[in-house]
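FYI, it's all coordinate maths here, none of it is from the lab. Every value quoted in this text rests on a predicted model; they were computed, and no experiment measured them. We place every Cβ from the backbone using ideal geometry, glycine too, and count neighbours over all the protein chains shown.
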Amino acid sequence: MVVPIHHVIAIAAILFTIGVMGVLFRRNAIIVFMSVEIMLNAVNLAFVGFSRFHGNIDGQIFVFFIMTLAAAEVAVGLAIIISLFRNLSTTDISEINRLKY
Amino acid sequence: MTSILFYMFASLLIGSSLFVVLNRNPIYSVVMLVFAFANLAALYFLLEAYFIGILQILVYAGAIMVLFLFVVMLLNVGPDRARPQWAAMDRWWFGGMVGVVGLTLLALVTRGMGPLRSSAADIDDGFGEIAPLATDLFSRYLLPFETAALLLTVALIGTVFLAKRRI
């Protein structure tokens, strides 16, 4: 493996920034959710990179748990989006503002 | 050769993630996110995390993204219409600030990494395959492992409760 570690971390940071921009700019709740997934995966990439460069398996075990968590989170989040759509018939987060008033 | 492959997959990953965020049709976004996750799995393989790479394809590109695709098609979400709110300046302000902060962090990380070990450590045979991961998972990490199982059960029940119209 000849790739230096800061390139791995740089890729993870770029990916995380892309995810943050998606959360801030998009108004469709599903796309916002997908951007959160991108951020989670950026963190996973950093974990795997460090695991490889320190020769320590613990980072990969952490990634395993993050994936489990992400699966649970996606299932619950999409159920929330479905029930929101059922009540308000929109997935536009700028129209979902009932807690605001 | 490995590094050429690494940079190729990394640029594909970043390009397709950008496409996910910038595209206005949710279906295209989902499909491109599947592609991005496949590229990420390739990066995991190149970093010698074979089991994690396979999990990435099975769990993320398989199960999670199919769920996303189902929901997008079920709700019949079309492309974003005109974007009146995109012109809201405070959003661009905030986003721009986050972008600048992120890139500054990036620059700091890439410049200040000198003292960190930049060449990879020596690894044993079978690093990142199932056997060493499973050994740790069922000895040192047994309690978190069982807690994750409990969490999945709770998520399953919660999902049914939330999505079902009448229980």
So for the pair B:L152, A:F65, with labels modelled 7 Å out along Cα→Cβ, what separation do we get in nm?
-> 1.6
Starting from the Cα of B:E129, move 7 Å in the Cα-to-Cβ direction to define the label point; list residues of segment B:30-47 whose amide nitrogen is under 19 Å from there.
-> B:44-47
Springs between alpha-carbon atoms under 10 Å, Gaussian network over chain B: tell me which of B:L22, B:L150, B:L74 tops the mean-square fluctuations.
-> B:L150
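Can you sort A:R26, B:R24, A:R98, B:R166 so the residue with the fewest Cβ neighbours within 10 Å comes first?
Values: A:R26 25, B:R24 14, A:R98 9, B:R166 3.
Ordered from fewest to most neighbouring Cβ atoms within 10 Å, A:R26, B:R24, A:R98, B:R166 come out as B:R166, A:R98, B:R24, A:R26.
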Which distance in Å, rounded to a whole number, links the C-alpha centroids of segment A:12-68 and segment B:41-68?
-> 12
About the Cα centre, charge dipole magnitude for chain A (Lys/Arg +1, Asp/Glu -1 at Cβ), debye = 220
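To the nearest 0.05, what FRET efficiency results for B:F161 and B:L67 with a Förster distance of 22 Å applied to their C-beta separation? Could the numbers behind the result be given before it?
Values: r = 17 Å, r/R0 = 0.77.
Approximately 0.85, to the nearest 0.05.
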Unit charges on C-beta of K, R, D, E only; dipole of the protein assembly as shown, Debye = 1240
For B:F94 and B:F138 in the same chain, what is the full-extension length gain: residue separation times 0.36 nm, less their Cα-Cα distance, in nm?
-> 11.4 nm
Where Lys and Arg each count +1 and Asp and Glu each count -1, what net charge lies around A:M39 among other residues with Cβ under 14 Å from its Cβ?
-> -1
May I ask you to sort B:F6, B:F161 by Cβ crowding, counting other Cβ atoms within 10 Å and putting the fewest first?
-> B:F161, B:F6
